[in-house]
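One structure is given here, and the rest of the page talks about it.
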Amino acid sequence: MRYTIILLLLFVFSFIFKTDSSFDQDLGRHIKLGEIIVKSHQIPNTNLFSYTNPDFPFINTHWGFEVFVYLWSSAFGLLSLLILKIIIFLFSVWLILKIIPIQNKALLLPLGFIFLHVLRERLELRPEIFSFLFTATTYYILEMSLRSTNWRRSNLLFILPLIQLLWINTHIYFFVGLILQVIFLIHLGYLCLRFHLEGVKLKLLTTIFVLSVIVSLINPNGLKGLLYPLSVNANYGYTIVENQTMFLLESIGFRDPNFLFVKIAFFLVMLSVAKNLIRFFRLHLQDDKWEIKNVLISLFGLGLALLNVRSFPYLVFLSLPAVLQNFGAITWGRLTKILATITAILLILESYFYLNGDYYKYNEQTTRPGLSFQESSKKALDFVISNNLEGPIFNNFDIGSYIIYKSYPQLKVFVDGRPEAYPADFFQQIYIPMQSDYAKFKSAEKQYNFQTIIFSHTDQTPWGKAFLEQVVKDPDWKIVYIDDFMIVLTSLARSDLANVEALNLSKLNPNFYKFSNHVSYLRLGLFLLGTQNIEGGKQFIQKTLQIFPEDPIANAIIGNPKSNKFFW
């Protein structure tokens, strides 16, 4: 069994050991907020980063994480955060695997192989990595205390209120710890009422739960902070992919290889629950060894995963141990050994696929194996800063956090990646319409007096694409910077920028760039095609195929008859 756990941990390491894209999302803003909190000794409760809604109130459930990453990176450097992230992931998975009793581990390798795939969905350095750690630790302590006849081990339960205190000030998923305690209380209550067992542990865990709820009130927003998970989506005026169900995303054509493994996990969870319940009723409800907690925990993890994409990892940190225990004791036989052997081979092959970088190459990712951060907006923001490009700026949702990290307080953003920090009407009546209808952008341009546009041209929203196609043709704006991820434009009304050379998209060609991978050329090619710069787009697609002849998207463009009319 030791080798099974080592092999599974190696598998997890193989896909965690890669370029981290946290800076392309929220990490920069988290570090900046941590700096502000440490230096001001206050936790901001309004949207100080935005000039459009500076006084809008919001609840910051991540402030503890923000202070931590700021202090840690200041002391040990940014790359040390990636080492810490890997340690937290591996330790959390190890704890979960240790929960599973020896008699339930015959299917650990094949089921672990399936469930662990869903961790790939959330590998970036985010506040939620501490939720993974706290979930695994809470589950482990509850499970070990329940099984133990040693009073000292039961005393580990007194660590849980401390975990809850840290958790509620680190990440919004702190409620997972409280629900886990409730599930174990239900389990102990069942044993106590029906069989008069575990009464002492029931009283102890009840005390621990009450303490956990009380300490959860120790957060900057008190009761409102404790209840915040119930209302966090009430003000969301902007749809975020990670907050959607996989079924909704599939219905609009969104593809994600992790969806398949969630579906298989769904089947396995339901099968294990059915097996557990059948066993229970066959014994005529007289078995005091029946564990209702395993049914509830496996369904809890599944429910979270089906609720939204961001919760996929809870299939590992909640459902996996419970599913194996639901299936009951399974002896090692010829079939289980064959299944374990096949799975072990698949694990090793797939791990190699990640570690040599082929997986990322074929999935059109700029990610590579190794310890490094990917800062796709860095060169563009360096250009903005070095050329003293001023605000007010207009930027898109995806890159607001990085602009905050690099340029606050010199530049304030139009928007950033926190829907909860802006009024819902701001997105529905201003941000989206002004991109969908260019006339509304021109009106907003006068209202806000935009001086600089900083935009990610990889924006996949319909309104983002529509805006880019129009703004690059607008004679009031000139393109001063473009790379494989970003485009920067300045207003022609700024006479002080006459020395900043304007770029002509129709003359852009691959010789201007020396990208390290084919995906960068592909991105620029797709952008040029989307803005009707066909000849330039053709050259970038050809360059993509020179570097990686098997690129699926570039080959699809060449081989698609509907695409041929554009440039062949």
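List of remarks:
- Ordering Val413, Ala466, Ala380 by the projection of their Cα atoms onto the charge dipole of the range 365-481, which places +1 on the Cβ of Lys and Arg and -1 on the Cβ of Asp and Glu, puts Ala380 at the extreme positive end.
- The helix-only estimate of mean residue ellipticity at 222 nm for the chain, built from DSSP H runs of length n ≥ 4 each weighted as -39500 (n - 2.57), is -17500 deg cm²/dmol after division by the residue total.
- For the chain, a simple Cβ point-charge model (Lys and Arg +1, Asp and Glu -1, everything else neutral) yields a dipole of about 1660 debye relative to the Cα centre.
- For Ser407, net neighbour charge (Lys/Arg +1, Asp/Glu -1) across residues whose Cβ lies under 15 Å away: +1
- For the chain, the residue among Ala234, Gln542, Ile430 whose Cα projects farthest onto the positive side of the dipole built from Cβ charges is Ala234.
- Rounded FRET efficiency, nearest 0.05, which uses the C-beta distance separating Ala502 from Ala75 and R0 of 56 Å: 0.80
- Peptides 270-277, 15-22 ranked from most to least packed give 15-22, 270-277, packing being the mean of other C-beta atoms within 10 angstrom over each peptide's residues.
- Relative contact order for the range 378-567, counting Cα pairs under 8 Å that sit 6 or more residues apart, in percent: 16 percent
- Remark: the chain projects, on average over all directions, an area of 28.5 nm² (convex hull of Cα atoms).
- 28 Å Cα-Cα reach of Lys105 towards lysines, excluding residues that sit fewer than 8 places from it in its own chain: Lys85, Lys201, Lys263, Lys275, Lys289, Lys293, Lys337
- Lys, Arg +1 and Asp, Glu -1 on Cβ, resulting dipole of the range 250-399 about Cα centre, debye, nearest 20: 720 debye
- Within the range 378-567, percent of DSSP bridges classed antiparallel, to nearest 5: 75 percent
- The listed peptides 465-472, 80-87, ordered by packing as a protection proxy, come out as 465-472, 80-87 (highest mean of other Cβ atoms within 10 Å first).
- Within the range 314-352, chymotrypsin sites (Phe, Trp or Tyr not before Pro) in DSSP loop having at most 14 other beta-carbon neighbours inside 10 Å: Trp332
Computed from the coordinates by the stated procedures, all read-outs in this text should not be read as laboratory data. As the structure is a prediction and not an experimental result, all values here were calculated from the model. Cβ: placed from backbone, ideal geometry, glycine included. Neighbour counts: every protein chain shown.
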